[in-house]
Each structure stands twice: as structure tokens, then as C-alpha cells.
Amino acid sequence: MQIFEHVASLQKFLDSCRKDSQKITLVPTMGGLHDGHARLIDRAKELSDVVVVSIYVNPTQFSANEDFETYPKTLAQDKAFIKSKRIDALFIPLNSEIYPEGMSSDYDVGKLGQILCGISRPSHFNGVAQVVNRLLDIVKPNYSVFGQKDYQQLLIIKSLVKSKDLDIIVESVPTIREDDGLAMSTRNKYLSEDERVNASLFYRQLVKAKKAIEAGVAIELTRQQALSSLSDLFEVEYVEVLDANNLTQIKTNTEEIIIISAIRLGETRLIDNILFRSSNV
Ligand code: PAF
């Protein structure tokens, strides 16, 4: 595995791969790697000859009151983890490599960035799109892989790639869970022992809602029941039942449903979702 800190040396390496007709996949991460990331890397290896993993905690997707400073930075463990996955290139750039002209930008991902997580994190998805666009521009991969846990992010990145007409396939990988159902996330490290035990109830409530819909309970009633049960346990930011294709209200032709939610458990904000096919189709 080669480690690159500079755009120029990474691009030189990737140009030589392309000359040999090798296909490239980028897996962008912010480090704090866990088995969810391992699954993204495994998928990347299935897709292409060369896998680049980036580790960069992007300041522009955090607002002033968020956890940028405390976001888990575990570079030594991450390097060992990545080495064990036998990938080709690890890219760990400094801010000056990602934002040589400064961090300010007028990125606006539009409506999709203002709903759900975008309500409490109004500039978050603009920052995500800004950095992903930059990483894609540096690496120019054939594929890039993202997790379905960050479902809103995934749709925003797909829409970015489409709107810029980039010749890149965005692949997604299902959420990887702990044995008790909690979705793997770098931020799970923030949970206290008690909070960690309670956190598993988050996914359980989403499963209950999915079963209710599959049993024919009306969408809005299910949403309200889920909101009420989740509110007994957590501070709920939102819980919605939507068309997974575009995060709008469910219609008669909705093919895939998403139950999507964000909650707070003490100081920790958790997101999760369940995707399933609509019985109407
Ligand atoms: O999902 C993440 O880890 C980040 O939002 C991403 C896509 C690496 C951009 O910083």
C-alpha cells in the first residue's frame, strides 16, 4: 500500500494505473474506520483493479457548534486497518491540498440538502458536496463507494455526479450493524456504556415501523407511532417514511420505501434508516 499526502504524487501514481488500463475506485472516508468502512472497501475491490481510500476530516461539512475538533482521529489504527485490507493507495491530504484556494465556496446542493438532516445541519451537505467533488476531481475514479447509512448524503452525491455529468459510477453498500442492530458509525465511540445499550433500541423501533407498514398500517399512523416510541427513549430530530428514490412523500407508484430518522442520545447524534420494497409494486 502506498500512502500519499500530496495531490501531485497521487495523480502520478493513478496516471500510471490508467496507462495500464486499470479501473480505479475511490472510497472517501473521514477515518475512525470500522467494519462498515471495511464493507465499502470490499465492494471497491470487487469493482476495480485499483482502490484509493481517502481519509480527510472535512472542516466545511461541520458547523461551528459541531464535533469537528473532537471527531475521532485514529490515524495509526486506520493505517493498520487499511494495510490489512490490502488496498493500493491511501490518500491523507492536508487542508492545503484539498482547498488550495481556501475553504469558502458557494456550493448549494439545493432542496435535497435542506430537508431531514439539513434542517439541523443547514450547511452540512454543501460541505459534503464540496469535498466529494474535489476528491472526485483529484482521483478521477471510475467508481466511488458510499454507505447507505448516510442515505441523504448518498442521494446528494448521486445528484452531484449527474448534474456535473461526471463519468463516475456511484455505488452504495448496505448498512453494517453491530450484533444488537446498532448501525456502525464512527460517532458510536461517543456513547457511554448505558447509552450504548439504549442505542440498540433505535434500530429496533425502525424495524417495528417497517413491520407495521408491511402489515398494512397507514404510513402516517406508523410514522406517528414511531415518533412516539422513539421520543420515549431519545430526543428525536425527525422520523419520516418516504419514497427512497427522492426522499419525497410516498405515492402510489413508490417502489422503495425508506424509514429514516435522526435522534440524540446525550451529546451524540445518531442517524439510521431502513430501506424496503413497497408492497404496491
Ligand atoms: O461520509 C463521510 O464519511 C463523509 O461525509 C465523506 C463522504 C467522506 C465526505 O467528507
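A short reminder: the numbers here are calculations on the coordinates, not readings from a lab. Predicted model only: the values in this text are computed from it and were never measured. Note that each Cβ is placed from the backbone with ideal geometry, even for glycine, and that neighbours are counted across all protein chains shown.
Overview of values
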quantity: Per-q log10 I(q)/I(0), the range 173-239, q = 0.12, 0.16, 0.24, 0.26 Å⁻¹ (Debye; single scatterer per alpha-carbon; no solvent); calculated: -0.35, -0.60, -1.11, -1.19
quantity: Simple Cβ-charge dipole of the range 161-237, Lys/Arg +1 and Asp/Glu -1, about Cα centre, in debye nearest 20; calculated: 200
quantity: Alpha-carbon spread of the chain, three principal axes, descending order, Å; calculated: 56, 43, 36
quantity: Principal-axis tilt of helix 7-19 within the chain, Cα atoms, nearest 10 degrees; calculated: 90
quantity: Order of 30, 1 under a 10 Å beta carbon neighbour criterion, fewest first; calculated: 1, 30
quantity: The range 61-145: equivalent-ellipsoid semi-axes (sqrt of 5 x gyration tensor eigenvalues, Cα, Å); calculated: 25, 17, 14
quantity: Footprinting exposure proxy for 222, 248 (fewest neighbouring C-beta atoms within 10 Å first); calculated: 248, 222
quantity: Peptides ranked, highest mean first, by Cβ atoms within 10 Å: ranges 186-199, 53-66; calculated: 53-66, 186-199
quantity: Distance in nm between pseudo-label sites at residue 104 and residue 86 (7 Å out along the Cβ direction from Cα); calculated: 4.9
quantity: Stretch gain in nm, segment residue 189-residue 167, where the contour uses 0.36 nm per residue and the Cα spacing is subtracted; calculated: 4.3 nm
quantity: Angle between the chain longest axis and helix 35-47 axis [Cα atoms, degrees, rounded to 10]; calculated: 60
quantity: FRET efficiency for residue 198 and residue 218, using Cβ-Cβ distance with R0 set to 22 Å, rounded to 0.05; calculated: 0.15
quantity: For the range 80-123, size of Cβ-based charge dipole, Lys and Arg +1, Asp and Glu -1, in debye; calculated: 400
quantity: Exposure proxy order (Cβ contacts within 10 Å, fewest to most) of 13, 91, 202; calculated: 13, 202, 91
quantity: With Cα atoms, 0 to 90° folded angle of helix 193-214 axis to the chain main axis; calculated: 70
